[in-house]
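Visitor: Got a structure for you, written out below as structure tokens; questions coming shortly.
The values are calculated or read from the model by the stated rules, or taken from the named source; none is laboratory data. These numbers come from a predicted model, not from an experiment. Using ideal geometry, Cβ is built from the backbone for each residue, glycine included, and neighbour counts are taken over all protein chains shown. To get the accessible areas, we keep the full protein, side chains included, count just its heavy atoms, and leave off ligands, DNA and RNA. Shrake-Rupley method; radii C 1.70, N 1.55, O 1.52, S 1.80 Å.
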Amino acid sequence: MVISRIADGIWRQVETVQDTVSETFFEPVIRLGVTGLARSGKTVFITSLVANLLDRGRMPGLLAASEGRIEAAFLQPQPDDTVPRFDYENHLAALTGPAPHWPDSTRAISELRLSLKVRPNGLLSGLQGPRTIHLDIVDYPGEWLLDLGLMERSYEDWSNDTLSRIESRSAAEAFVALAKTADPEAKHQETLAQDLAREFASYLQAARQDGFSDCTPGRFLLPGDLAGSPVLTFAPLRTDGPSNRGSLHREMARRFEAYKKRVVQPFFRDHFARIDRQVVLVDALGAIHQGPQAVEDLRAALSETLSAFRPGNNGFLSNLLRGKRVEKILFAATKADHLHHQQHPRLTAIMQALVREAQDRAQYAGAGTAALSIASLRATTEDEMKHGGDMLPVVRGTLLETGKEAAFYPGDLPQDPAHLLTPARQGAEAWLDQDYQVMRFAPAPLNLRPGDGPPHIRLDRAAEFLFGDRL
């Protein structure tokens, strides 16, 4: 196994050298990773980003577009033949058709290549013709990203930490009760292992619905063709010390290690380790609505997320010597269109506070980081309503559940993010002075002018930060 790892590492270094030389001297490639936890809007983000790069009328914040240096943009076959193609055309039709609806969410990894023909800028721009730059967008579930944090953990460590964290949650009652009846040192019985795994997976599904972010292992939520396999048939158990041969503890630990080796490690090696720009989408408003515990859970998950990255600069020599590193990471609070623009700075400040610990680590390692509040597809319009003698800033849109138009005021976000983060860290069960509401809006029918992509909020600024320096 050690020899296999060494050989695999050498081959990966050879691939890195080949890719680096090709990108440096021929056609540059930007590999943009797009991820986020449940309901953060990854599919809509990618669809709207590509549509707005193909028709750039709404992208003034992307300098290469506003300067007119992007001469053409076109989709090409992706370079990875074994990765499913991101279904851009059908997703765009869902959002912009006569009866618009939200497309299906991300359930597996996918990829799309968008090629841009760009004129250079600077002193030598008149001496050089346009060059082609490939933007390879890699879409993967955020739960898979959180799984990378398991690589450095033992089964015993993960089990005790997970059980301590979930014991007080109502959604975990059935699993915790079953786990307490199981003797880890008793002889392994497959029926008991399956019952434990099934209850644990049910808890993870419920936790995600309740707005919690620490839902690992991620493949329990999106099993795909691994459903029912031993690599997904384990669960956390209270353990202390070494296990006996043939025991439930020993078998659970073996399957946990198999999950890391057969599921997590190949994802890191084949996809994640090749990303050089990354956007992490976050449904911060949804977590705030769920309460302080969901906010603290989100903060911890975002901090854990960054530990999976290898941040730093991708210089030519550094690529050859140590492989690619993530140069830029954007943490984006989505669904900004659920708020009046007066509250967008507050949402951005909350997002910055949530990822402060993660940002400090990345910047120390040399990576550029930023936090933004965005809406990949604007589904609302802004208005004002009189309430108690005051004018409230509201948003109007079509409610997803009823199809009726409604005006919505979610409540005032605090100017100081500490008013949210402090009670969250202290374990408060509810907000004391405010009740933050969330509504689900359907996409609005669109009448796009030629040359305009779908309406958005700050998608152009997100693109400028992520890859504008390479155009």
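Visitor: For the stretch 426-446, which residues satisfy the criterion of being at pLDDT 90 or above and open to solvent by 20 Å² or more (accessible area, probe 1.4 Å)? Talk me through it step by step, then tell me what you get.
Guide: Residues of the stretch 426-446 at pLDDT 90 or above: 441-446.
Those that are at pLDDT 90 or above and open to solvent by 20 Å² or more (accessible area, probe 1.4 Å): Ala444, Pro445, Leu446.
Visitor: Sticking with this one: Taking the criterion of being more than 17 Å from the chain's Cα centre (by Cα) and hydroxyl-bearing (Ser, Thr, Tyr), would at least one residue in the stretch 208-228 satisfy it?
Guide: no
Visitor: Take the stretch 152-189 and flag every residue that is under 21 Å from Val231 (Cβ atoms) and small (Gly, Ala, Ser).
Guide: Answer for the stretch 152-189, where residues must be under 21 Å from Val231 (Cβ atoms) and small (Gly, Ala, Ser): Ser154, Ser159, Ala179, Ala182.
Visitor: Can you spot a residue in the stretch 416-425 that is in contact with a His (Cβ under 9 Å, 6 or more places away or on another chain), at pLDDT 85 or above, not assigned by the TED database to the domain that holds Thr334 and not in a loop (DSSP other than H, G, I, E, B)? Even if it seems obvious, please write down each step before you answer.
Guide: Going residue by residue through the stretch 416-425, those that are in contact with a His (Cβ under 9 Å, 6 or more places away or on another chain) are none.
Looking through the stretch 416-425, none of the residues is in contact with a His (Cβ under 9 Å, 6 or more places away or on another chain), at pLDDT 85 or above, not assigned by the TED database to the domain that holds Thr334 and not in a loop (DSSP other than H, G, I, E, B).
Visitor: Another question, if that's okay. At pLDDT below 85 and not assigned by the TED database to the domain that holds Ser373: does that describe Asp210? Give the derivation first.
Guide: Details: at pLDDT below 85: yes; not assigned by the TED database to the domain that holds Ser373: yes.
In short, yes.
Visitor: Read through the list (1) modelled with pLDDT under 85; (2) open to solvent by 20 Å² or more (accessible area, probe 1.4 Å), then give the number of the only condition that Ala358 fails.
Guide: Every listed condition holds for Ala358 apart from (2).
Visitor: Next up: Suppose we keep only residues that are part of a strand (DSSP E or B) and not aromatic (Phe, Trp, Tyr) within the stretch 65-91. Which one would you say is nearest to Ile275 (Cα to Cα)?
Guide: Here is the first cut: in the stretch 65-91, the ones part of a strand (DSSP E or B) are 70-76, 85.
Adding the requirement that they be not aromatic (Phe, Trp, Tyr) leaves 70-73, 75-76, 85.
On the way: Ile70: 23, Glu71: 26, Ala72: 24, Ala73: 21, Leu75: 19, Gln76: 19, Arg85: 17 Å.
Result: Arg85.
Visitor: Pick out the one residue from Ala371, Ala462 that is surrounded by 14 or more Cβ atoms within 10 Å (Cβ to Cβ), closer than 23 Å to Thr96 by Cα and assigned by the TED database to the domain that holds Val29. Walk me through how you get there before you give the answer.
Guide: Values: Ala371 fails: closer than 23 Å to Thr96 by Cα.
Residue meeting the stated conditions: Ala462.
Visitor: Right, here's the next one. Counting only residues that are in a strand (DSSP E or B) and open to solvent by 80 Å² or more (accessible area, probe 1.4 Å), how many does the stretch 388-409 have? Before the answer, list the steps.
Guide: First, the residues of the stretch 388-409 that are in a strand (DSSP E or B): 390-399, 405-408.
Now restrict to residues that are open to solvent by 80 Å² or more (accessible area, probe 1.4 Å): 390-391, 405.
Qualifying residue count, the stretch 388-409: 3.
Visitor: Next question, about the same structure. Which of (1) open to solvent by 50 Å² or more (accessible area, probe 1.4 Å); (2) within 24 Å of the chain's Cα centre (by Cα); (3) not assigned by the TED database to the domain that holds Leu448 does Pro84 not meet, given it meets every other one?
Guide: Only one criterion in (1) open to solvent by 50 Å² or more (accessible area, probe 1.4 Å); (2) within 24 Å of the chain's Cα centre (by Cα); (3) not assigned by the TED database to the domain that holds Leu448 is unmet by Pro84, namely (3).
Visitor: Just checking, how many residues over the stretch 123-152 are under 28 Å from Leu32 (Cα atoms) and either open to solvent by 60 Å² or more (accessible area, probe 1.4 Å) or assigned to a helix (DSSP H, G or I) (or both)?
Guide: Pass one, the stretch 123-152, residues under 28 Å from Leu32 (Cα atoms): 124-125, 128-152.
From the residues that got through so far, the ones that are either open to solvent by 60 Å² or more (accessible area, probe 1.4 Å) or assigned to a helix (DSSP H, G or I) (or both) too are 124-125, 128, 130-131, 142-152.
Number of matching residues: 16.
Visitor: Here's another thing I want to ask about it. For the stretch 175-189, which residues satisfy the criterion of being in a helix (DSSP H, G or I) and open to solvent by 70 Å² or more (accessible area, probe 1.4 Å)?
Guide: Of the residues in the stretch 175-189, the ones in a helix (DSSP H, G or I) are 175-181.
Listed by number, the residues that qualify are Lys180, Thr181.
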